[in-house]
Amino acid sequence: MKKILFLFPILALVSCYNAEHNCKDFKNGKFKFEFEVNGVKKTTFFERKDSIEIETFEGKTDTATIRWVSDCEYVLQKKHPKNMAEEKAISMKILTTSKDSYTFEFGMVGSEEKQRGKVFKVE
């Protein structure tokens, strides 16, 4: 019984924690996203302005439209897809934010499979 009484205040404190969500701070700006492919670190840079995102990856630039579903969720759709995979829209959800970064979850629209990443604001 004493253990339960000891755990209650700790559980109460943990349940009061709210992740920071200042998603509006990331609707516009210049960003970078670092990820790993087969043990090799890759970086993509992108600029977001309202409903357009321009991405540069390995010297190639691509444009996508953004449809904001809520302050923290949006759907990306490539404007000029080069194959069937690029024709599929990507659902993006900002999970937490900090002063200059956010953690997000993404996946193909309609798919249960999701991945996570962290984006840094560079300007």
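Which one, Tyr74, Met108, Thr97, is farthest towards the positive end of the dipole of the range 30-121 when Lys and Arg carry +1 and Asp and Glu -1 on their Cβ? So the residue furthest toward the plus end is Thr97. In loop segments of the range 45-123 as defined by DSSP, the trypsin sites (Lys or Arg not before Pro) with at most 12 further C-beta atoms inside 10 Å of their C-beta are Lys79, Lys82, Lys99, Lys114.
Given a cut-off of 18 Å, name the pairs among Lys24/Lys88; Lys41/Lys82; Lys30/Lys60 whose C-alpha atoms lie farther apart than that in the structure shown. Cα-Cα > 18 Å for Lys24/Lys88; Lys41/Lys82; rest within.
For a test of the definition: using alpha carbon positions, the gyration tensor, and the 1.5 limit on a/c, classify the range 30-121 as rounded, prolate or oblate. Don't jump to the answer; show the numbers that get you there.
Details: a/c = 1.20, a/b = 1.04, b/c = 1.16.
Judged from the Cα gyration tensor, the range 30-121 comes out rounded (a/c under 1.5).
Dipole check for the range 30-121: with +1 at the C-beta of Lys and Arg, -1 at the C-beta of Asp and Glu, and the Cα centre as origin, the magnitude is about 220 Debye.
Each value in this text was obtained by applying a stated rule to the coordinates, not by laboratory testing. None of the values given here were measured: they were computed from a predicted structure. FYI the Cβ positions are ideal-geometry reconstructions off the backbone, even for glycines, and counts take in every protein chain you see.
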